[in-house]
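Down below is the structure, laid out as structure tokens.
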Amino acid sequence: MSSVAPHQAEPTAGIATGTTPDTARRVAGRRRTALVPTLTLLLGALYCLLPVAWVVIASTKSGSELFSTFTFWPGTGFAGNLSDLGAYRDGVYWRWMGNSALYAGLGALLSTCVSAVSGYALAVYRFRGRETLFNVLLAGVLMPPVILAVPQYLLLAKADLTDSYLAVLLPQILSPYGVYLARIYAAAAVPADVVEAGRMDGAGEWRIFTRVALPMMVPGLVTVFLFQFVAVWNNFLLPYIMLSDDEKFPITLGLYTLLEQGANTPALYTLVVTGAFLAVFPLVALFLVVQRFWSLDLLSGAVKS
């Protein structure tokens, strides 16, 4: 009498032999779940990069190509657009770029200095009302800039400073978010023992700050500078309220006026797109320059001092 051997199922590919069906389903479920964050990040990157890709490609198109060719098909008019942009009103675009560099560079530098001193004081010193003052700063972080713009205009109008470079620079000097970042970073990067050692050596408080604490805070202050530079460079509302002379406009407000004029003169649209494309380069260059500071060791400044 012949006996028939029972049929044994071969192990499924990708699942180890001996794995139960429940375990296999859990492993497959985890793999599918792990794809969700990746797909979400890819969609977010696509959402952010598509407008940038459009600006880059549209800046290469001439006025006739901008509205008549496929959206993401490069054109042949980039050189002509650059020439027209530089010649528009005797090169007023480059003046707007210079104004933005002044507002963003000087404003971010002054704001970083104020944030460094304020953040260090809030992190190192103990005094009455310190936490209350810090909470007020946190409230300033949550305050939308549009709420502060009109009161700032009224204050500067009383001082007869509207329609001037100071009207844009002065409100940028104090950044609640910059002070907050500097305080958090100083508390983590500047050990109390190092400060006490400096005092025991006879150093004054200002010398301890500039010679010991400040080098330790450099990576954090670079972040504050970068954030503030980008915020001032992209700021539109404050210059729009404060300035009326287009010779003092930053690049954001200047391109806005070009866009408004483009409703009556469609040829200006190519200048707006090309100008927006060129306005990104200073931000990219700044990021490439300052990113090396983020790799510094927190105590390297104290060791060198």
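We did not get these values from a lab; they are worked out from the coordinates using the rules stated. Please read these numbers as outputs of a predicted model, since none were measured by experiment.
Relative to one another, the C-alpha centroids of the stretch 226-248 and the stretch 46-63 are positioned 24 Å apart. Computed over the Cα atoms of the stretch 230-296, pair by distinct pair, the Kirkwood hydrodynamic radius stands at 13.6 angstrom.
Amide H contacts for MET217 (H built 1.01 Å from N in the peptide plane; partners 5 or more residues away or on another chain; cut-off under 5 Å): none found. For the stretch 99-108, 3J(HN,Hα) computed residue by residue from phi via the Karplus equation (6.51, -1.76, 1.60; θ = phi - 60°) reads 4, 5, 5, 5, 4, 6, x, 5, x, 5 Hz, glycine and proline entered as x.
The Cα trace of the stretch 80-302 gives Rg and Dmax of 20.7, 71 Å, the first to one decimal, the second as a whole number. GNM remark for the chain: springs join alpha carbons under 10 Å apart, and the peak mean-square fluctuation among LEU122, LEU226, LEU142 falls on LEU142. Considering only ILE208, ILE147, ILE184, the mean-square fluctuation computed in a Gaussian network model of the chain, springs between alpha carbons under 10 angstrom, is largest for ILE147.
With N counted as the residues of the stretch 183-270, its alpha-carbon radius of gyration over 2.2 N^0.38 Å works out to 1.88.
So what does the Cα-only Debye profile of the stretch 41-82 read at q = 0.20, 0.30, 0.33 Å⁻¹, as log10 I(q)/I(0), no solvent term? Evaluating at q = 0.20, 0.30, 0.33 Å⁻¹ gives log10 I(q)/I(0) of -0.59, -0.95, -1.06. When the chain is treated as a Gaussian network with alpha carbon springs shorter than 10 Å, the biggest mean-square fluctuation among ASP246, ASP84, ASP201 belongs to ASP201.
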